Amino acid sequence: MKFLILNDQEIKRAQSERVDQEFTDLLQTHAGFTPLYIYENYDFSSYEKELGTDGDEHLTDRYLRNVLKPIYTKYKESIDHVILQVHQDNWHLTGIWGTNYSNVYHGYQVHVCRFDTGNVANSLGTRYHEFMHSPDAIIKTYLGIDIAKLIGVPSWDKFCVHGGRPDMVGKYPYQYIRYKENTDALAFSAVYLRQAYKKRHDLYDIQRITMQTKLIGILQELVILYRQLIYKKSTINK
């Protein structure tokens with residue numbers, strides 16, 4: 001599990017690493033993952049935003065594509081997640097603290113997250129929340145498995161991340177993720193996530209070995225690209 005963290009230039013490296021360690025501890029404890037981090041600084045002092053279909057403000061598609069195009073050129077499929085970490089003073093998106101884009105940009109899981117320098121819990125909770133929007137998309141794309149159906153909920157996003165409706169309390173005992181809630185859902189998905197990440201990494205490693213195996217990899221990638229188109233989602237559409 002590899003993360004590229006685009007740190008707002010207003011965020012000190014030590015501040016980011018403190019949240020990274022908290023996030024690592026969470027993933028290690030409940031899923032057995034030790035994420036790898038790559039860091040780059042970015043200027044988030046200005047950006048394009050627009051009103052989303054959910055009534056909240058989000059970064060525009062054009063802005064995100066401009067940010068992520070050079071990222072893909074540089075890293076290709078060697079990273080799985082990209083976190084756009086925006087300092088609280090530069091956070092001008094009303095109604096939200098973050099947005100997840102699964103399979104929308106170059107097959108990455110992209111997370112736009114507000115970074116609160118005075119409250120590690122807020123920063124960690126936002127990152128964990130947006131990260132938890134991605135497991136069902138990753139697992140469906142690379143394994144063809146509907147994790148929501150396996151865990152017994154109608155929708156992974158609505159019930160495992162945003163919590164069940166009030167009338168569903170007791171049947172679907174998941175809460176809205178604000179900090180470290182619903183780690184049992186993370187633990188449940190871990191075995192499938194491990195298989196999915198391995199398949200993703202193996203797929204692109206295969207393509208770099210020989211022309212013969214590259215052909216096999218391309219055929220497999222066509223299936224993955226098709227699934228990415230089918231299982232593309234954004235948390236703008238709730």
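The values are calculated or read from the model by the stated rules, or taken from the named source; none is laboratory data. Quick caveat, the model's predicted, so the values are computed rather than measured. Note that we place each Cβ from the backbone using ideal geometry, even for glycine, and neighbour counts take in every protein chain shown. All accessible areas refer to the heavy atoms of the entire protein, side chains included, with ligands and DNA or RNA removed. Shrake-Rupley method; radii C 1.70, N 1.55, O 1.52, S 1.80 Å.
Structural remarks
- Residue in region 148-156 that is of a type in the set (D, E, K, R) and either open to solvent by 40 Å² or more (accessible area, probe 1.4 Å) or in contact with a Phe, Trp or Tyr (Cβ under 6 Å, 6 or more places away or on another chain) (or both) present: yes
- Annotation note: Cβ proximity below 7 Å between a residue of region 173-187 that is farther than 13 Å from His30 by Cβ and a residue that is in a loop (DSSP other than H, G, I, E, B) (sequence gap 6+ or interchain) occurs for Tyr174/Gly163; Tyr174/Gly164; Tyr174/Asn182; Gln175/Gly163; Gln175/Glu181; Gln175/Asn182; Tyr176/His162; Tyr176/Gly163.
- Output for region 108-128, where each listed residue is assigned to a helix (DSSP H, G or I) and closer than 20 Å to Asp80 by Cβ: Leu124, Thr126, Arg127, Tyr128
- Matching residues in region 61-91 - criterion: being within 18 Å of Ser234 (Cα to Cα) and assigned to a strand (DSSP E or B): His81, Val82, Ile83, Leu84, Gln85
- Residues (open to solvent by 10 Å² or more (accessible area, probe 1.4 Å), at negative phi and either at pLDDT 95 or above or of a type outside the set (Ser, Thr, Tyr) (or both)) located in region 106-125: Arg114, Asp116, Gly118, Asn119, Val120, Ala121, Asn122
- Any hit, region 170-181, residues being at positive phi, part of a loop (DSSP other than H, G, I, E, B), at pLDDT 80 or above and surrounded by 13 or more Cβ atoms within 10 Å (Cβ to Cβ): no
- A residue that is surrounded by fewer than 16 Cβ atoms within 10 Å (Cβ to Cβ) and more than 30 Å from His201 (Cβ to Cβ) occurs nowhere in region 70-82.
- Subset tally (residues that are assigned to a helix (DSSP H, G or I), in contact with an Asp or Glu (Cβ under 7 Å, 6 or more places away or on another chain) and farther than 15 Å from Arg194 by Cα) for region 132-159: 2
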